[in-house]
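Q: If you scroll down you'll find the structure; I have some questions about it.
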Ligand SMILES: [Fe+2]
Ligand SMILES: [Fe+2]
């Protein structure tokens, strides 16, 4: 792959602070907090929304890379990735506005780069499996949960804004499902490696099996079954996710 510019660096203003996800999780646990913001307090909602904002930023950058990195990919693939850049840039704006709505600011919490690192996968099939199906599938779960919490606390701004973004994410996961199939149609080994990459990402968010069943406000992240079905996940895949992550299938 030809790389005329540093491909492993993210351009950020000074107000952004970069940290390893593992270090952030460990520091949180040391302070008696859950490894991920649990949405139980206004501060943890603000922190979760901030994490999503930087995720959207990296999703935009990752899709932009995919436009550039695979000049031999089918034209429709490149178009889908270009559309995704446009969608993600709107998501960044929406989440910046939500941070404002919640009284926070960009840079208030550290930025981790899990999404970006997945977007650096060398194979286009692995990239759409890992980012579009793995991470954006997870985004569907996170957004469905956030909508549920917003309804519960009576915040229609968050509820509607996140619902609009969720509609886009479902199309991004569908893109991932489509291109995983098309790019690996005659290459089962390439498909196996891409799916393995996606599975490793799903496992990374399992938090060592620390999740448990329960109401959405009590669990880390629940599985948004309906949104995932709309996004092209099979029932078998959803069941496997629920088992492997011990997440709660509440929606
Ligand atoms: Fe997004
Ligand atoms: Fe997306």
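Since every read-out is calculated from the coordinates, none of them should be taken as a lab result. Note that this is a predicted model, so its numbers are computed, not measured. Cβ coordinates were reconstructed from backbone atoms using ideal geometry, including for glycine residues, and neighbour counts include every protein chain displayed.
Q: Of all the residues that make up segment 85-113, how many are assigned to a helix (DSSP H, G or I) and either surrounded by fewer than 17 Cβ atoms within 10 Å (Cβ to Cβ) or within 13 Å of ligand 2 (Cβ to nearest atom) (or both)? Spell out how you get there, then give the answer.
A: First, the residues of segment 85-113 that are assigned to a helix (DSSP H, G or I): 85-101.
Checking which are either surrounded by fewer than 17 Cβ atoms within 10 Å (Cβ to Cβ) or within 13 Å of ligand 2 (Cβ to nearest atom) (or both) leaves us with 85-95, 97, 100-101.
Number of matching residues: 14.
Q: Related question: Which one is surrounded by the fewest Cβ atoms within 10 Å (Cβ to Cβ) among residues in segment 130-169 that are over 30 Å from residue 191 (Cβ atoms) and within 15 Å of ligand 1 (Cβ to nearest atom)?
A: 164
Q: Looking at 38, 72, can you tell me which residue is under 17 Å from the mean Cα position of the chain (by Cα) and not in a helix (DSSP H, G or I)? Quick ask: steps written out before the conclusion?
A: Details: 72 fails: under 17 Å from the mean Cα position of the chain (by Cα).
After ruling out the rest, the residue left standing is 38.
Q: Quick check on segment 41-62. Is at least one of its residues touching a residue at least 60 places away in the same chain (Cβ under 8 Å), more than 16 Å from ligand 1 (Cβ to nearest atom), surrounded by 18 or more Cβ atoms within 10 Å (Cβ to Cβ) and in a loop (DSSP other than H, G, I, E, B)?
A: Scanning segment 41-62 turns up no residue that is touching a residue at least 60 places away in the same chain (Cβ under 8 Å), more than 16 Å from ligand 1 (Cβ to nearest atom), surrounded by 18 or more Cβ atoms within 10 Å (Cβ to Cβ) and in a loop (DSSP other than H, G, I, E, B).
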